[in-house]
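Some notes on the structure that comes next.
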C-alpha cells in the first residue's frame with residue numbers, strides 16, 4: 001500500500017469522516033450521504049480517493065454500488081462498538097437484578 | 001460533523017424504583033459493582049486508578065482512572081482495554097444518577113470512544129510495512 005496516498009486520503013476531515021462512517025458496515029453512497037452536510041458528488045469523490053488509497057472497496061449489485069472498508073483499512077470504532085453495543089444493555093439488566101437483591 | 005466522525009458513543013438509560021443512594025453504592029462499592037459489571041478494585045475518588053477484570057471480546061483487564069466524581073450523582077472514568085489500546089482509541093464511561101419524582105432513580109450510562117487519529121494512522125503505516133520516507137515519519 002502506498003503510504004503517501006493513505007496520508008493524503010485521511011488528511012481531509014470529511015474524507016476521514018466518510019471512512020469512519022463505513023466502519024459501521026457496508027453502505028451505498030446514499031446511506032453515506034444521509035446525515036452529512038455534503039453533496040453526493042462530494043461523497044463520491046471522497047470514496048474514489050479512499051478506493052485509490054486501498055482503504056475502501058466497492059461492490060456492484062445491479063444498479064447499486066456498495067462501499068466497505070478493506071481488511072487493510074482500520075475500523076477501530078467498529079471493533080469497539082461491536083464489543084460494547086450489547087455489553088452495556090446486558091449489564092444494566094444484571095444491575096437491576098442486583099438492586100432487587102440489595103438491602104435498602 | 002467532524003466531531004461525530006471521530007467519536008462514537010453508546011448510551012444506555014434505565015429507571016429503577018431504588019433510591020439514588022442505593023444505585024450509587026451499586027456503582028462504587030467493589031463487591032456490588034462486581035455483582036453486575038466486572039470484578040474490580042474501584043475507589044470512588046478523583047484520580048484513583050483501578051481495574052476491571054474481563055474486557056468483553058478481548059479478555060484481560062480494563063484499566064481505569066476516575067476523571068470526575070460528584071458523590072451520589074456522577075462518576076466518570078477512562079476505560080482502556082487491549083482492544084482500545086491496539087485500535088488507537090480513547091474511551092470514557094460515565095454513570096449519571098438522577099433522582100426521579102417518585103423516589104426512584106434514573107441511571108444514564110454513556111460510553112464514549114474517540115479515535116486518536118495520529119496513532120491509528122501510524123499503526124496503519126506500520127502495518128503497511130512500506131518504505132517510510134523521513135518526511136512521512138515526521139508526519140506520523
With label points set 7 Å from each Cα along the Cα-to-Cβ direction at residue A:59 and residue B:43, the distance between them in nm comes to 5.1
When every alpha-carbon pair in segment B:2-115 is counted, what percent end up more than 18 Å apart?
52
A correct fewest-to-most ranking of A:19, A:87 by other Cβ atoms within 10 Å would be A:87, A:19
Only residues of segment B:11-53 count here: report those whose backbone N is under 20 Å from the spot 7 Å along Cα→Cβ of residue A:82, or say none.
B:11
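Relative contact order for chain A: what percent, with Cα pairs under 8 Å and sequence separation of 6 or more?
27
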Got a sec? How would B:52, B:98 order by Cβ neighbour count within 10 Å, fewest to most?
B:98, B:52
Anyone know which of A:20, A:58, A:93 comes out most mobile in the 10 Å Cα GNM of chain A?
A:93
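For residue A:38 and residue A:70 in the same chain, what is the full-extension length gain: residue separation times 0.36 nm, less their Cα-Cα distance, in nm?
Length difference between fully extended and current span is 9.2 nm.
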Going by alpha carbons, how many degrees (0 to 90, nearest 10) lie between the helix axis of A:87-101 and the longest principal axis of chain A?
10
Suppose R0 equals 41 Å. What FRET efficiency, 1/(1 + (r/R0)^6) with r the Cβ-Cβ distance, do residue B:21 and residue B:86 give to the nearest 0.05?
0.60
So what's chain A giving for Cα Rg divided by 2.2 N^0.38 Å, two decimals?
1.46
Simple SL model, points at 7 angstrom along Cα→Cβ for residue A:103 and residue B:101; separation in nm is 3.3
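No value in this document is a laboratory result; all are computed from the given coordinates. The structure displayed is predicted, hence computed values, not measured ones. As a convention, Cβ positions derive from the backbone with ideal geometry for all residues, glycine included, and neighbour counts pool all protein chains shown.
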